[in-house]
1. Out of 223, 194, 219, which single residue is more than 20 Å from the chain's Cα centre (by Cα), within 21 Å of residue 36 (Cα to Cα) and among the basic types (Lys, Arg)?
2. Going through the stretch 90-113 one residue at a time, which ones are more than 18 Å from residue 14 (Cβ to Cβ), modelled with pLDDT of 95 or more and surrounded by 13 or more Cβ atoms within 10 Å (Cβ to Cβ)?
3. State which residue is farthest from residue 236 (Cα to Cα) when the search covers only the stretch 118-161 and only residues that are part of a loop (DSSP other than H, G, I, E, B) and basic (Lys, Arg).
4. Hey, which of the strands (runs of 3 or more DSSP E) in the stretch 162-276, taking only ones fully inside, have at least 3 residues that are free of Cβ contacts under 8 Å to residues at least 60 places away in the same chain?
5. Hey, among 63, 53, which residue is buried (at least 16 other Cβ atoms within 10 Å of the Cβ), free of Cβ contacts under 8 Å to residues at least 60 places away in the same chain and within 26 Å of residue 159 (Cα to Cα)?
6. Where the second residue is among the charged types (D, E, K, R) and the first is without any contact (Cβ under 8 Å) to a residue 12 or more places away in the chain and lies in the stretch 70-90, which pairs have Cβ atoms under 9 Å and are six or more apart or on separate chains?
7. Looking only at strands (runs of 3 or more DSSP E) that lie completely in the stretch 12-110, which have at least 1 residues being among the hydroxyl-bearing types (Ser, Thr, Tyr)?
8. Considering only residues that are crowded, with 19+ Cβ neighbours inside 10 Å and over 24 Å from residue 111 (Cβ atoms), which ones fall in the stretch 231-267?
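The values are calculated or read from the model by the stated rules, or taken from the named source; none is laboratory data. Predicted model only: the values in this text are computed from it and were never measured. Every residue, glycine among them, receives a Cβ derived from its backbone with ideal geometry; neighbour counts consider all protein chains shown.
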Amino acid sequence: MIRLDRPALPALDFVPLTPEHLPAALLLSQAAGWLHRTEDWELTLSVSKGVAAMDGERLVGTALCSAFGPVATLNMIIVAESMRGRGVGRQLMQRVMALAGDREMRLVGTQEGLPLYRKLGFVERGRILQHQGLARALPPERPVRIGPENLETLAALDTAASGMERTALLARIAALGETLRTDGGFAFLRSFGRGHVVGPVVARDVGAARALISAAAERMAGRLLRVDLTEAHGLAPHAEALGLAPVGDGTAMVHSPRSHPSSDYQTYALVSQALG
């Protein structure tokens with residue numbers, strides 16, 4: 001087969017990504033098959049700094065860095081299809097990694113992005129399983145209450161589980177949706193994409209995590225619900241029993257890992273693949 005090389009890469013401008021870029025960024029994410037709404041971009045950008053790759057007036061790439069204390073998540077890394085294979089992704093990554101400074105960096109990589117991330121020094125730390133579907137109501141195995149909670153308490157549990165200081169992010173999420181609380185854990189339920197997402201799910205044991213996800217499915221019965229599970233905790237069969245079928249996965253990766261205090265609390269489902 002004769003390979004036709006792409007034309008030489010034009011000189012691109014790399015500028016800070018701002019809210020003014022979001023309409024074009026939304027089109028990029030839709031072209032990539034992502035379900036984000038403008039509101040989902042706005043939430044991520046509200047706790048992030050970003051880089052936009054511009055070909056003249058046209059946005060051709062994005063990358064965000066969300067700093068949460070000693071950890072940063074790198075996310076919304078998208079390159080327009082017409083510009084792929086020409087080094088744009090590497091340039092975006094180098095710039096967004098610089099925004100992270102000396103923090104531990106985490107991302108959830110697609111299969112296509114793994115070779116680049118490995119070359120840049122990221123190592124794999126397990127899989128993230130995306131489950132989605134019309135939720136089916138099954139009674140939670142322990143009581144779950146719905147309503148406002150002490151945000152500082154929840155943020156402390158989240159930090160213990162994740163190593164990230166996300167009080168500002170959790171406050172925004174709590175204001176957008178509902179807080180689910182059980183003995184030994186909590187979760188948030190909010191609008192996302194074409195339906196709702198439950199996450200993070202932070203719990204002291206797998207029973208608490210199952211109860212929280214069940215409560216979210218019960219509240220969303222018959223409606224579209226998504227959850228991004230950490231594979232190691234084995235909750236995929238429970239998600240499927242709730243009507244949430246596996247629809248994709250990603251690879252959790254880390255660069256410059258730091259040691260974090262151990263805790264009984266763990267993250268069973270992510271806020272989102274972007275925000276950890």
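1. Step by step, each of 223, 194, 219 is checked, and only 223 is more than 20 Å from the chain's Cα centre (by Cα), within 21 Å of residue 36 (Cα to Cα) and among the basic types (Lys, Arg).
2. At the first step, the residues of the stretch 90-113 found to be more than 18 Å from residue 14 (Cβ to Cβ) are 102-113.
Next cut, modelled with pLDDT of 95 or more only: 102-109.
Within the stretch 90-113, 103, 104, 105, 106, 107, 108, 109 meet the criteria.
3. Among those that are part of a loop (DSSP other than H, G, I, E, B) and basic (Lys, Arg), it is 142.
4. Numbers: elements: 178-182, 185-192, 195-203, 224-230, 245-255, 266-269.
It comes to 178-182, 185-192.
5. Of 63, 53, the one residue that is buried (at least 16 other Cβ atoms within 10 Å of the Cβ), free of Cβ contacts under 8 Å to residues at least 60 places away in the same chain and within 26 Å of residue 159 (Cα to Cα) is 63.
6. 84/6; 84/112
7. The strands (runs of 3 or more DSSP E) meeting that bar are 58-68, 71-79.
8. Selection gives 238, 242, 243, 265, 266.
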